[in-house]
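First comes the structure, then the notes that go with it.
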Amino acid sequence: MCRSLEYLDIRETGLSADAMAAGIRMMPNLQHLDVSDTEADDKLLSALTHSNLKLKYLSINECMDVSDAGIKILIKKCKNLEAISMSNCPYIDNVEFIEEHNIRVEVEEEDNDESWSND
């Protein structure tokens, strides 16, 4: 794995959350991560907090196993986080918690696949 990698897009891959976590742990300079429509879960978000503290942008659209608990852990540890894209994540309800930490929340509109921000 490339330790200097800053951008990783693994959306819609068949990788397990454990496999993603194992690879991502070896990328300490990661700033932008897209795991949309994967098996990403709270355990993966927790793994990010151990080695990816430079993370600025996370996309978790269509990640059915990510919850408020995982988001809270991520936000508390990843102080550089600027934005989270999260459409169709049924276990994330506390958007206010994210916004209280000055993190932009992006939600894709289903009609035209554009993003909007609720700043």
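The values are calculated or read from the model by the stated rules, or taken from the named source; none is laboratory data. If you're wondering where the values come from, they're calculated on a predicted model, not measured in any experiment. Cβ atoms come from the backbone with ideal geometry, glycine included; neighbour counts cover every protein chain shown. For accessibility, only protein heavy atoms count, side chains too; no ligands or nucleic acids. Shrake-Rupley method; radii C 1.70, N 1.55, O 1.52, S 1.80 Å.
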Original post:
Which residues, counting only those in segment 30-45, are part of a strand (DSSP E or B) and either in contact (Cβ under 8 Å) with a residue 40 or more places away in the chain or in contact with an Asp or Glu (Cβ under 6 Å, 6 or more places away or on another chain) (or both)?
Top reply: D34, D41
Original post:
When C63 is evaluated against the numbered criteria (1) open to solvent by 80 Å² or more (accessible area, probe 1.4 Å); (2) modelled with pLDDT of 95 or more; (3) within 19 Å of A21 (Cβ to Cβ), which criterion, by number, is the only one it fails?
Top reply: (1)
**OP:** Answer yes or no: is there a residue in segment 27-48 that is of a type in the set (S, T, Y) and surrounded by 16 or more Cβ atoms within 10 Å (Cβ to Cβ).
**Re:** yes
Subject >> Where a residue in segment 90-106 is more than 18 Å from C78 (Cα to Cα) and open to solvent by 60 Å² or more (accessible area, probe 1.4 Å) and its partner, wherever it lies, is assigned to a loop (DSSP other than H, G, I, E, B) and at pLDDT 95 or above, with Cβ under 7 Å and at least six apart >> reply: P90/M64; Y91/V66
